[in-house]
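The values are calculated or read from the model by the stated rules, or taken from the named source; none is laboratory data. These figures come from a predicted structure and were not determined experimentally. Cβ atoms come from the backbone with ideal geometry, glycine included; neighbour counts cover every protein chain shown.
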Amino acid sequence: MGEIKTKYPNREECKKIMEDYGTPERVIKHTETVALIAQKIAERLKDKGIKLNIPLIVSSAYLHDIARSESKHDIKGAEYLKKIGLYEVAEVIRDHTFHKITDNISEIDEIDVLCLADRMTIEDRFVGPERRMEYIINKAILKFGEDKRDELEEKAKSFVRYVHELEIFMGKKIEDLIPNNIK
């Protein structure tokens, strides 16, 4: 595939990029769900006065797991997207696994919105922060052992608290922004 002509590819263009890369169909379905959630969050935040690049968020959400079947998928995906000319999208997905939680909601950025949407999704379903954190903890304990439970649970509580503070700021629960067909 040659250089991309558009700065922020749409759904169809992103799907073609992922298919060209060999991204599995189930991962593509996941990214479509994350993109919809990210867009809904970004639009609500924009309505509340937060300046966000929504086309960048949506393109990044579609492409964030392009290399999910590989180790260090965030870095590998970013490298590939840079090769095809999607530099801004590459920068967002390179850091999408590291959500920074700050006390100041007004500091939320495109990476945070992508991370939030991804962290409330299991495969192609919106599950909310509590259920997703439970899923992540159980998966991490299998990988790293029971002695990591307290640390993981503290991080999960912090994330859930952040989401609730964000919902207060937005004046609406994220779940209420999401279409029923992905819940």
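Within the range 149-183, count every residue that is assigned to a helix (DSSP H, G or I) and under 21 Å from residue 101 (Cα atoms). Give the steps one after another, and end with the answer.
Going residue by residue through the range 149-183, those that are assigned to a helix (DSSP H, G or I) are 149-170, 174-177, 180-182.
Among the residues that remain, those that are also under 21 Å from residue 101 (Cα atoms) are: 149-170, 174-175.
So the answer is 24.
Can you pull out the residues in the range 44-86 that are hydroxyl-bearing (Ser, Thr, Tyr) and either closer than 14 Å to residue 114 by Cβ or modelled with pLDDT of 95 or more (or both)?
As a first pass, look at the range 44-86 and keep what is hydroxyl-bearing (Ser, Thr, Tyr): 59-60, 62, 69, 71, 80.
Those that are hydroxyl-bearing (Ser, Thr, Tyr) and either closer than 14 Å to residue 114 by Cβ or modelled with pLDDT of 95 or more (or both): 59, 60, 62, 80.
For the range 132-148, state whether one or more residues are within 23 Å of residue 50 (Cβ to Cβ) and either β-branched (Val, Ile, Thr) or assigned to a helix (DSSP H, G or I) (or both).
Taking the range 132-148 and keeping what is within 23 Å of residue 50 (Cβ to Cβ), we get 132.
Of the ones still in play, those that are also either β-branched (Val, Ile, Thr) or assigned to a helix (DSSP H, G or I) (or both) are 132.
Yes: the range 132-148 contains one or more residues that are within 23 Å of residue 50 (Cβ to Cβ) and either β-branched (Val, Ile, Thr) or assigned to a helix (DSSP H, G or I) (or both).
Return the residue satisfying two criteria in turn: it lies in the range 1-47 and is β-branched (Val, Ile, Thr) and assigned to a helix (DSSP H, G or I), and of such residues it is farthest from residue 69 (Cα to Cα). Break it down stepwise before answering.
Our first condition is that a residue be β-branched (Val, Ile, Thr); within the range 1-47, this holds for 4, 6, 17, 23, 27-28, 31, 33-34, 37, 41.
So of that shortlist, the ones also assigned to a helix (DSSP H, G or I) come out as 17, 27-28, 31, 33-34, 37, 41.
On the way: 17: 15, 27: 9, 28: 12, 31: 13, 33: 18, 34: 17, 37: 22, 41: 27 Å.
This residue is 41.
Give the residues of the range 115-127 that are within 24 Å of residue 161 (Cβ to Cβ) and assigned to a loop (DSSP other than H, G, I, E, B), sorted by residue number. Let's see the steps before the verdict.
Our first condition is that a residue be within 24 Å of residue 161 (Cβ to Cβ); within the range 115-127, this holds for 115-122, 125-127.
Of everything in the range 115-127, those that are within 24 Å of residue 161 (Cβ to Cβ) and assigned to a loop (DSSP other than H, G, I, E, B) turn out to be 119, 120, 127.
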